[in-house]
Amino acid sequence: MPAPERKRISFLASSTKVAQSARNTFVNQFGDCELGKADVIVALGGDGFMLETLNSTQRLNVPVYGMNRGTVGFLMNEFSLEHLTNRLVEAEEAVINPLRMRATCADGTTHTELAINEVSLLRQGPQAAKLKIFVDNRLRLSELACDGALVATPAGSTAYNYSAHGPILPIGSEVLAITAMAAFRPRRWRGALLPKNAKVRFEVVEPQKRPVMADADNRSVQDVVTVEIESAGDVEHRLLFDPGHGLEERLIQEQFA
């Protein structure tokens with residue numbers, strides 16, 4: 001059997017000692033290709049670092065293979081210093097589209113961000129947030145009094161969405177989830193499932209009295225008055241997983257954990 005093709009690898013690591021140590025070991029063994037010339041990126045850290053890596057390297061259209069050197073590793077493969085070349089050759093690719101958030105603030109400024117997991121709206125002060133929810137420009141909920149609400153992708157449905165008791169979405173479901181956090185009114189509203197191409201708009205009611213922030217994968221915008229969210233079909237993130245341990249299988253396992 002011929003030896004696996006040697007890929008040009010760029011190694012990125014979070015700032016933790018264990019991640020930096022792993023990076024040094026791999027670089028000593030394989031070298032370190034600059035990002036613009038790499039065939040594959042190996043990201044060493046947790047899920048937060050993976051999200052940072054996908055966002056910062058999206059323009060390169062290079063697949064990212066994550067290895068868990070952090071606390072949470074849902075988007076990461078099991079860490080090992082052995083057989084990296086074989087693992088990269090045999091890895092299965094998953095392509096996901098992020099969400100695009102357009103947030104307009106009270107001062108009139110507009111901020112656009114991409115989010116792989118979710119876009120969330122959260123109250124900034126002691127008062128409950130009050131939100132109107134529009135789907136494809138049609139008012140669907142005239143007032144949601146809550147601590148916050150989010151729109152999650154299937155890839156992000158096991159993250160903040162799941163902690164807020166939202167549904168886990170199969171990776172190929174072409175569905176988005178809207179989930180409320182601590183909904184006071186309507187008290188029994190538990191969220192909604194929407195087709196992937198739906199456009200969601202939140203409008204903040206009484207924004208001066210009840211200020212709200214918007215967050216796209218930990219990139220925050222303060223004092224928002226409207227937030228528009230849609231799937232960014234023109235943006236693709238390429239993730240690599242060991243055979244049998246891809247996103248689809250992980251999402252199924254999570255439901256039986």
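We did not get these values from a lab; they are worked out from the coordinates using the rules stated. Every value quoted in this text rests on a predicted model; they were computed, and no experiment measured them. Backbone-built Cβ (ideal geometry, glycine too); neighbour counts: all protein chains shown.
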With 0.36 nm assigned to each residue of separation and the Cα-Cα distance removed, Glu92 to Leu193 gains 33.6 nm
Contour minus Cα-Cα span, His165 to Asp234, at 0.36 nm per residue, comes to 21.9 nm
Between the modelled labels at Thr112 and His83 (7 Å from Cα along Cα→Cβ) the distance in nm is 4.4
Cα-based Debye curve of the chain sampled at q = 0.10, 0.11 Å⁻¹ gives log₁₀ I(q)/I(0) of -0.53, -0.63
Taking N as the residue count of region 1-142, its alpha carbon Rg divided by 2.2 N^0.38 Å gives 1.36
Taking a label point 7 Å from the Cα of Asp39 along Cα-to-Cβ, the residues of region 6-33 whose backbone nitrogen sits under 19 Å from it are 6-12, 26-33
From fewest to most C-beta neighbours within 10 Å, the residues Asp234, Asp39 line up as Asp234, Asp39
Given unit charges at Cβ for Lys, Arg (+) and Asp, Glu (-), the dipole magnitude of the chain about its Cα centre in debye, nearest 20, is 800
Dividing the mean separation of Cα pairs under 8 Å (6+ apart) by the residue count of the chain yields a relative contact order in percent of 21
Taking Cα pairs closer than 8 Å and at least 6 residues apart, the relative contact order of region 99-231 in percent is 33
Over all viewing directions the Cα convex hull of region 135-236 casts an average projected area in nm² of 6.7
Among GluC sites (Glu not before Pro) in region 39-147, those in a DSSP loop whose Cβ has at most 13 other Cβ atoms within 10 Å are Glu78, Glu82
From DSSP H assignment alone, runs of 4+ in the chain each adding -39500 (n - 2.57), the sum over residues rounded to the nearest 500 puts [θ] at 222 nm at -5000 deg cm²/dmol
